[in-house]
């Protein structure tokens, strides 16, 4: 996995919980291709059809709060979301996302500094986030090396199997 990602921003609010990321009625499978079309249905039923491979979700506080379901990061990866930038994350979601190979960056972005559709460049190694439309740059906490290794491997299980 490259450490620099570029994609369109999809801006969501605070307290986006796992129930709106992937509603419970779809939890009968772990297959990304079956979960992805229903991703974010609880936020906007059309959102999954608009997000393109490589796009970046930008959110406020407590993204991924709620249940411990692993389906939420699986659905987002299946949808093609390359990373999530948020002010903070639910603790279980944070770990589940990295376990599934979905990078997260914590950054206290100023209000209205990123708009829906802005083009972002995110450096996972340095934590730098650049809005290519407004030319503003923000600093997130960089992802530690060992966690980037997990992401690069595609998640915790592939990482463990590779390093046995």
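The values are calculated or read from the model by the stated rules, or taken from the named source; none is laboratory data. Source: prediction; values computed, not measured. For neighbour counting, all protein chains shown are included, and Cβ atoms are generated from backbone atoms with ideal geometry for every residue, glycine included.
Whether a residue is free of Cβ contacts under 8 Å to residues at least 40 places away in the same chain and surrounded by 13 or more Cβ atoms within 10 Å (Cβ to Cβ) was assessed, and residue 143 does not pass this test.
Residue-wise test of (1) part of a helix (DSSP H, G or I); (2) crowded, with 17+ Cβ neighbours inside 10 Å.
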{"residue": "92", "(1), (2)": "yes, yes"}
{"residue": "109", "(1), (2)": "no, yes"}
{"residue": "126", "(1), (2)": "no, no"}
{"residue": "129", "(1), (2)": "no, yes"}
{"residue": "138", "(1), (2)": "no, yes"}
{"residue": "148", "(1), (2)": "yes, yes"}
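Can you pull out every residue in the range 140-164 that is over 17 Å from the mean Cα position of the chain (by Cα) and more than 16 Å from residue 99 (Cβ to Cβ)? Within the range 140-164, 145, 164 meet the criteria. With respect to the conditions (1) modelled with pLDDT of 95 or more; (2) within 27 Å of residue 121 (Cα to Cα); (3) in contact with a helix residue (DSSP H, G or I) (Cβ under 8 Å, 6 or more places away or on another chain), residue 11 falls short on a single one, namely (3). Considering every residue within the range 113-124, establish whether at least one is closer than 26 Å to residue 150 by Cα, over 11 Å from the mean Cα position of the chain (by Cα) and not in a strand (DSSP E or B). Within the range 113-124 (the criterion being closer than 26 Å to residue 150 by Cα, over 11 Å from the mean Cα position of the chain (by Cα) and not in a strand (DSSP E or B)), the answer is yes, since at least one residue qualifies.
Note on the range 19-68: residues that are in a loop (DSSP other than H, G, I, E, B), under 15 Å from the mean Cα position of the chain (by Cα) and surrounded by 18 or more Cβ atoms within 10 Å (Cβ to Cβ) total 7.
Filter the range 9-18 down to the residues that are part of a strand (DSSP E or B) and surrounded by fewer than 16 Cβ atoms within 10 Å (Cβ to Cβ) and list them by number. Show your work before the answer.
The first filter runs over the range 9-18 and keeps only residues part of a strand (DSSP E or B), leaving 9-11, 17.
None; the set is empty.
Would a scan of the range 104-120 turn up a residue that is in contact (Cβ under 8 Å) with a residue 12 or more places away in the chain and closer than 16 Å to residue 18 by Cα? Yes, the range 104-120 has at least one match.
Each residue in the range 94-107 was checked for being crowded, with 17+ Cβ neighbours inside 10 Å and over 20 Å from residue 158 (Cβ atoms), and 2 of them qualify.
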